[in-house]
Each structure stands twice: as C-alpha cells, then as structure tokens.
1. Within segment 260-280, how many residues turn out to be touching a helix residue (DSSP H, G or I) at 6+ places or on another chain (Cβ under 6 Å) and open to solvent by less than 10 Å² (accessible area, probe 1.4 Å)?
2. Pairs needed: first member in segment 277-305, free of Cβ contacts under 8 Å to residues at least 40 places away in the same chain and on the phi > 0 side of the Ramachandran plot; second member anywhere, open to solvent by 10 Å² or more (accessible area, probe 1.4 Å) and assigned to a strand (DSSP E or B); C-beta distance under 8 Å; at least 6 residues apart or different chains.
3. Residues in segment 221-231: is at least one touching a strand residue (DSSP E or B) at 6+ places or on another chain (Cβ under 6 Å), at negative phi and in a strand (DSSP E or B)?
4. Go through segment 140-191 and tell me which strands (runs of 3 or more DSSP E), entirely inside it, have 1 or more residues that are of a type in the set (S, T, N, Q).
5. If I ask for residues that are open to solvent by less than 70 Å² (accessible area, probe 1.4 Å), under 24 Å from the mean Cα position of the chain (by Cα) and on the phi > 0 side of the Ramachandran plot, which ones from segment 83-138 would you list?
6. Test Gly203 against the stated conditions and say whether it is touching a helix residue (DSSP H, G or I) at 6+ places or on another chain (Cβ under 7 Å), part of a loop (DSSP other than H, G, I, E, B) and open to solvent by less than 50 Å² (accessible area, probe 1.4 Å).
7. Give just the number: which of (1) of a type in the set (A, V, I, L, M); (2) crowded, with 24+ Cβ neighbours inside 10 Å; (3) at pLDDT below 95 does Ile287 not satisfy?
Amino acid sequence: MASFVRLLWGRGLGLRLRPRPRCAFRRPGSCPSRAAQSAASTSASLMDARIDFSPAGRSLFDEPLGISVSGLRPQQEVTLRASLQDEVGELFESLALYRADGSGQLDLSRSPALEGGSFSGLEPMGLLWALKPRTPFRRLVKRDVQRPFSLELEVLEGHGEGLAGGVLAKGSHERGFLRAGVRRIPVRDGRVRATLFLPPGDGPFPGIIDISGTGGGLQEYRACLLANYGFVTLALAYYAYEDLPRNMKEFHLEYFEEALNYMLKHPKVKGPGVGLLGHSKGGDLCISMASFLKGVTVTVTINSSVANIAVPLHYKDITIPPLGFNAERLKLDKSGVADILDALNNPLEGPDRQSFIPLEKAEGRFLFIVGQDDHNFKSEFFAVEASKRLQAHGKEKPEIICYPGAGHYIEPPYFPMCAASMHLLVGRPVIWGGEPRAHAAAQVDAWGQIQTFFRKHLDGKQGEENSKL
C-alpha cells in the first residue's frame, strides 16, 4: 500500500486514517476484439462518433469499466449522460462535460471532466459513482443478482441546458453480479432463510456470513460479489422475509447460531471457523455472534455500533437491551430531513452501559471500517471504544480503517453514494453523510481491505492489499 500514507491515531488503538483520496482507474487488460467493440457500440447518424467499452459488452459491477468515444471533431465539446434503471423502475442519472482531444478522441481514463456536470476532474468511473435518483430519497439496491443492470450512455453535442446539437452516439453495457461458474443456492435449513453462493471448483473455500442493516428482507448483492473472489458466502435474512418475523421487535441469537452451524458443517467451507461481515445493524449482530458463539474466526463491521441497537437481543438466559434513543436530539432541516447522529445515548453512561456488547468474550479478530462522515452512527467512537475494551481484557487490538469524507452506506465499488433516504425506524428521510468523490474512493479501497483481511485470517494467506487508489 505504498501509494497511501498511513497515520496511526491514538497509540495502541489500531486505528488507521485514510487520507481523502481520489478514485483511480486501473485499465483492464487486453483490448476487446473488433467484433466485440462493434457489438458494444452504436454509431451516430449525424457523424461517425461511437462509444467503446472495455471490457466490451459486460463486466462485474465492482470492476473498473473503460469508456471512450471516437469520431468526434478535434476539441469538440460534448456531454456524456449515463442512466441506469433498477428493478422497480427507479431511474438513476449522471452527466459530465468533456472536450475531445486534438484527434477527436475522448478517453475517460485520460480526459478530465470539466466543471458543470455531476463531477469534474479525472474520474474514469465518475459516471457510475455520481449517479443520482430522479426521485428523491431513493437508494440503488440490486434485488435480483441473476440479472445485470444495463448502463445506458449517450454522447450529446455541446454543453449547457439546451444541448441543441442532439445525440451523437448511444451505447449500453451490462454490469453483472455473478461471475461465470458461481452458484446461487437458496437455503431453507431449519429456521434459516438465506442464499448461499459457491465459487467454482472443488474447494474448500473460506466461508463468510453477510448480514445487512435494518432494511429487512434478503439482500444478496454483497455476498454474491464476494463469492466471485473465492469465498463461500451466505447472505442471511433475519426479519421481513418469508416466514421470518415481519417486524423488528426482538432478536434471538439462536437463529444466527443455526446459520453459523450451517456454514461450519458445509463441506465446501474451509474450517475451522468462518468470517462475519455486517453493515450498520448487521454489524452489531455480527459482534454479538462473535462474542457468544463458537466458530467465529474473524469479524468485519462497516459503520456499526458496538452496543446493541433498536431491539432487545436474547441468547439463552441473557438479554442485552437496546441502546437508548432520544428523539428530541433529532435535527430537522427545512424539508423535514433528519440528522440522527446525536439521537443515540452514550453506551458508556448510566443504564445504557448494559447495551454494550461484551466483545471481550470473542475469540477471533476484528476489523472496523469507519466512514468519518457517517451521520447514522458515531462509528469512529464505537470502533475506538471497542478497541479500548478488547485491549483492557488482554485481547489483540482490532484493526480500524477510517475514511475521511465517507458516509454511512459504504457499499461495494461504484455503487452511487446514498446521501439521504427513508429510515425504517425513524419513519422519515435521514441524511447518511458522505462527500461523493471521497465516498466513492473509500468504497474501492475498503472492498480490497475487507477481502484481504478475510483471506489472511480464514485462508492463511499473508500480505496486504495493494490499494487501487
């Protein structure tokens, strides 16, 4: 990670601060064939402009995508407009202003976007991470990982509102989630409701259980993308799915123990333990699993609490109450969007100390991914307090990676940042935080860091992730 400056903050806490980086582009390998290029491009009727994608036709959503335009006039000013529609019909759009080079070529890996669009500067993947919903308070979520998203791209003549010159070229590209050979298997084992993703090959492979936040249902896209890199992953539902409880009233850790035992016994999973990955509420559930259950080797959380959140958690004769919440500390802007950052109580004070998860009981290693502009949780505070508690009990210090400018929803690479959306528990839109460029860069880096951490502790492979930033 030579391209990064690492700073240790708070000696002994294991925290690393990421400087505010730029998304960089790693150009894919060989150029596509002439036939593939033709299939991925559409010539303009007014002139011989066309769009080329590399790789041509299809790529995985978390992979870089090369975009270039040829056949323009030297120094011609154009606007590139990208759009993507999700499964429920919501449209996400972005646009960027460019100027062709002296030979009429435009390569987004070398050509900076001009001021006035969704982003500016040299941002080869900007058209994807800068996508915004046409309807406010919508977040891009992949509901069916077996079907790719279709990215539509137009080249428009000129800059400005009118764009009177019209469309010069159109092109489309599929952004998929399942690599060839990865198997998707619905799991209905006892009470467990989940989806298992198996990499191709005989295995065994490192195993990971992926748990999402308070949205409910079964979200598969993160687990699916991880399976593309040689992990057996289980996307686990825990409420609002099939015959699971419809609402968040209380959780019983025995349900999550069933899922853990399912993975530990699976012949494709390389033992002796498995990894846990959780975002937001899913993160504190993972910490509880690591603290009370056997067979957890490594736990990675993304912007989570170290206290139990929202509803009571039961395990055998133990109950961990939820961290207190004071609605009077909500801050509303003029449009009614809430900032809930200060609404939760401090788990180090008074009766709320009972909500602090006893993670000192855990036997495995921890990695905390922190967005320093998270407006849902004080994620950095929680991670630091977790580190203090672990070390006070003689446990190995966790790794904490902080990303300046990153908000709450740190997703796999190139998902657009969700600045605000409906919060199920609050009952109104809330801001999640984040600055789009810094957030996008954090997603790229965190994705590599997570895989490296899992591989090191589950597969015994040493070495550090070479940052793409």
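The values are calculated or read from the model by the stated rules, or taken from the named source; none is laboratory data. In this text the structure is predicted, and so the values were computed from the model without any measurement. For neighbour counting, all protein chains shown are included, and Cβ atoms are generated from backbone atoms with ideal geometry for every residue, glycine included. Areas reflect the complete protein model, heavy atoms only, side chains present, ligands, DNA and RNA absent. Shrake-Rupley method; radii C 1.70, N 1.55, O 1.52, S 1.80 Å.
1. Count: 4.
2. Gly295/Pro272
3. No - not one qualifying residue is present in segment 221-231.
4. By residue number, 149-157, 167-176.
5. If the condition is that a residue be open to solvent by less than 70 Å² (accessible area, probe 1.4 Å), under 24 Å from the mean Cα position of the chain (by Cα) and on the phi > 0 side of the Ramachandran plot, then Gly89, Gly121 are the ones that fit.
6. no
7. Of the numbered conditions (1) of a type in the set (A, V, I, L, M); (2) crowded, with 24+ Cβ neighbours inside 10 Å; (3) at pLDDT below 95, the odd one out for Ile287 is (3).
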